[in-house]
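Here, each number is a calculation from the coordinates, and none is a lab measurement. Note that the coordinates shown come from a computational prediction; the quantities given were computed from them, not determined experimentally. Cβ atoms come from the backbone with ideal geometry, glycine included; neighbour counts cover every protein chain shown.
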Amino acid sequence: MLKYGVFFAINYFSIENIFSFSGGTETTAFHRNTVRALQKNGFEFNVDNFSHQNPKYLISFHGCKTPLMAFSKIFDNSHNDYPYIAITTCDSADENCPFIPDAIERFHLPFTDPKISDEREDTKETYLASSKQIAGEIFFIFEEVKKNITT
């Protein structure tokens, strides 16, 4: 969810020359619970390339000029660009992803992965709470970025 918060913040604060990419240590799929949480928060999803294993989406929001291509991929996928700053979010990332090649800087925001609630009754609420928490952190970061590039 971090990537989409960054994508929104870049547009919201009208910051140029910063882009949002994502990737993990393995290719899985864009989890349906994440899609639902982001849709609930105003993001629009259009299927660009359907696959049962790993569909590709074009994601946008009201006022968005250029949609973002989203799908599960490894961090070094050719769709991503260099140079980049890595921001890891899941609470196990420091342990499981201690080194991210080519990152010019690495930051860790240790959120509890909402997948802990998969198959439970509170799944929707857990994903929405994670989405809101990440959005709040990203808003704060980009508010500071905007202040620093305009002064």
Can you run phi through the Karplus equation (6.51, -1.76, 1.60; θ = phi - 60°) for the stretch 30-35 and list ³J(HN,Hα) in whole Hz, with x for Gly and Pro? 6, 4, 4, 5, 5, 4
Extension gain from residue 124 to residue 108, taking 0.36 nm per residue of separation minus the Cα-Cα distance: 3.3 nm
Residue span residue 49 to residue 69: 0.36 nm per residue of separation minus Cα-Cα distance leaves a gain in nm of 6.2 nm
Taking a cut-off of 15 Å between Cα atoms, list the aspartates and glutamates near residue 146, but don't count ones fewer than 8 places away on the same chain. 16, 137
Using modelled backbone amide H atoms (1.01 Å from N, in-plane), which distant-in-sequence or interchain residues come within less than 5 Å of residue 48's amide H? 56, 57, 58
Convex hull volume per residue for the chain, taking Cα atoms only, in Å³: 117 Å³
Dipole moment magnitude, nearest 20 debye, the chain about Cα centre, only Lys, Arg, Asp, Glu C-beta charged: 520 debye
If you build a Gaussian network model of the chain, linking Cα atoms that sit under 10 Å apart, which residue out of 13, 75, 30 swings the most? 13
Cleavage-rule hits, GluC sites (Glu not before Pro), the stretch 43-151, DSSP coil, Cβ neighbours within 10 Å at most 12: 119, 121
